[in-house]
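So the structure is just underneath, and the comments pick up after that.
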Amino acid sequence: MRYEAPDTLAGATAILAANAGAKILAGGTDLLVQMKSDMADPPVVVDVKKIPELCRITLVDGAYRVGAAVTGMELVEHAAFAKTWPGVIDGVKLIGSVQIKGRASMGGNLCNASPAADSVPALIAAGARVEIVGPQGKREAAVEDIGIAPGRTSLKPGEMVVAFLFPKRPPRSGDAYLRFTPRTEMDIAVVGAGISLALDAQGTCTAARVSLGAVAPRALLVDAAAKALIGTKLDAAALDRMAAACSAACQPIDDKRGTKEYRIKVAAVMATRAAEIAMDRARKS
Amino acid sequence: MARAHVTTTINGDVVDFLCEADQTLLSALRDELRMTGTKEGCGTGDCGACSVTIDGRLVCSCLVLAVEVEGKAIDTIEGMADGENLHPLQKKFLEHAALQCGICTPGILIAARSLLERNPDPSETEIRYWLAGNLCRCTGYHKIVEAVLDAAREMRS
């Protein structure tokens, strides 16, 4: 294995283009485990943490841009970002232990493409997009369009995620992410639900995005669940319709963490509770 | 392929070592530098026995490539006591019998110090969450949490 640590995007894309099978190293919390267990044997590892664009958190015209390799702990400790996007922080806080978050990044969490990745439903709910660089130059995509199946992304050969682009936060808006796990810490989501919503001055929901994790081969954006909230005062009937839409969208597997039926039921519960937290945050913002 | 040459700072001293490109920081510490205070438990980031800090950030050294630490500052358990004088956390771990076999202890001490640097007055719950990435199969954690609470009290006074 060869180790490369380019300090420019152009340098990284040149190495990725010239070395089929090269792997990107950000936090390494998935890659090094895969290498140790012989699930990955890359000829070249490209450490992207010397590229400034991947390691910065910036605020441009009121909208956050978070480098794909920014560590979880750095983001959690960023008080202004955490205040603006508490639901994204809910998700990031659940990516493993303090030690894991000291290295792990949202870019890695997304590109590792686990359907149970904790930051991904929160990012989808937030309406975050990713900036991608590759042999054909730069492009943007919605976060929900990156993961396509366990371990597989829509990124083309030689492409890499550079940064997450968050929309401006309107007034009276809030987001939340909740997951169900048998343990409170250090576990993988049985179901995860991320919700972001905005209210008008009268408390009517004007915008909503609902995303579910661990209930399908990829994290889902559930439009029907969002539609059930928009235009309502987020009363119990609206939340019930949203919860039913979440259950209807699930296509889960049976495994040791939960049966298919259980996941479908718990998705509705997690989504309802996440919506209540997001509502409360929106009203207080 | 030629081994990589890495220059880094460990516990305040500039250190040079040679390593393979795919060698972990944990392996470089233990096998190249013979600093065996940092322990290997699982080797996959689940147990926290190999905890060190890099530029003040708590990480599992088993999930860091040694070549990544060029120019960084690493702190390990070997730098925790000041000569014969134990760190308050180390003293309190002994007083409270917060260890039995001791394999998890260096990692827990490094993790606890990292918490107290950020939060000098943590609650029991905050300590339990912060140390969730450090597994101990002997103590049942209660004495560890008590020792950290007591050390924090002493360090504040």
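The values are calculated or read from the model by the stated rules, or taken from the named source; none is laboratory data. None of these values were measured; they are calculated from a predicted model. Cβ placement follows ideal geometry from the backbone for every residue including glycine, while neighbour counts extend to all protein chains displayed.
Data for the structure
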quantity	calculated
Among (1) farther than 25 Å from A:ARG172 by Cα; (2) in a loop (DSSP other than H, G, I, E, B); (3) touching a residue at least 12 places away in the same chain (Cβ under 8 Å), the one test that A:GLY203 misses	(1)
Condition broken by A:GLY62, with the remaining ones in (1) modelled with pLDDT of 95 or more; (2) out of contact with any strand residue (DSSP E or B) (no Cβ under 6 Å at 6 or more places or on another chain); (3) more than 12 Å from chain B (Cβ to nearest Cβ); (4) under 29 Å from A:LEU212 (Cα atoms) satisfied	(1)
Meets criteria (at pLDDT 95 or above, assigned to a strand (DSSP E or B) and away from chain B (no Cβ under 14 Å)) for A:ALA237	no
Odd one out for B:GLU95 among (1) under 13 Å from the mean Cα position of the chain (by Cα); (2) surrounded by fewer than 23 Cβ atoms within 10 Å (Cβ to Cβ); (3) not hydroxyl-bearing (Ser, Thr, Tyr)	(1)
Test for A:ARG283: is it under 16 Å from A:ALA122 (Cβ atoms) and either crowded, with 19+ Cβ neighbours inside 10 Å or not small (Gly, Ala, Ser) (or both)	no
Residue match in the stretch A:215-227 (condition: closer than 13 Å to A:ALA275 by Cβ, touching a residue at least 60 places away in the same chain (Cβ under 8 Å), of a type in the set (Gly, Ala, Ser) and not in a loop (DSSP other than H, G, I, E, B))	no
Qualifying residue in the stretch A:95-112 (condition: more than 11 Å from the chain's Cα centre (by Cα) and free of Cβ contacts under 8 Å to residues at least 24 places away in the same chain)	yes
A:ARG65 in contact with a Ser or Thr (Cβ under 7 Å, 6 or more places away or on another chain) and basic (Lys, Arg)	yes
Residue among A:GLY134, A:GLY192 that alone is closer than 18 Å to A:GLY91 by Cα and in contact with a helix residue (DSSP H, G or I) (Cβ under 8 Å, 6 or more places away or on another chain)	A:GLY192
Elements of type strands (runs of 3 or more DSSP E) contained in the stretch A:88-191, each with 1 or more residues being within 14 Å of chain B (Cβ to nearest Cβ) and at pLDDT 95 or above	none
Close pairs (7 angstrom Cβ cut-off, 6 or more residues apart or separate chains): more than 18 Å from A:CYS111 (Cβ to Cβ) in the stretch A:63-75, part of a helix (DSSP H, G or I) anywhere	A:TYR64/A:PHE81; A:TYR64/A:THR84; A:MET73/A:VAL98; A:MET73/A:LYS101
B:ALA98 part of a loop (DSSP other than H, G, I, E, B) and hydrophobic (A, V, I, L, M, F, W, C)	yes
Count of the stretch A:1-45 residues which are in contact (Cβ under 8 Å) with a residue 40 or more places away in the chain, within 12 Å of another protein chain (Cβ to nearest Cβ) and β-branched (Val, Ile, Thr)	3
Any hit, the stretch A:26-33, residues being more than 17 Å from the chain's Cα centre (by Cα) and surrounded by fewer than 24 Cβ atoms within 10 Å (Cβ to Cβ)	yes
Unmet criterion (only one of (1) more than 14 Å from chain B (Cβ to nearest Cβ); (2) assigned to a strand (DSSP E or B); (3) not small (Gly, Ala, Ser)) for A:LEU54	(2)
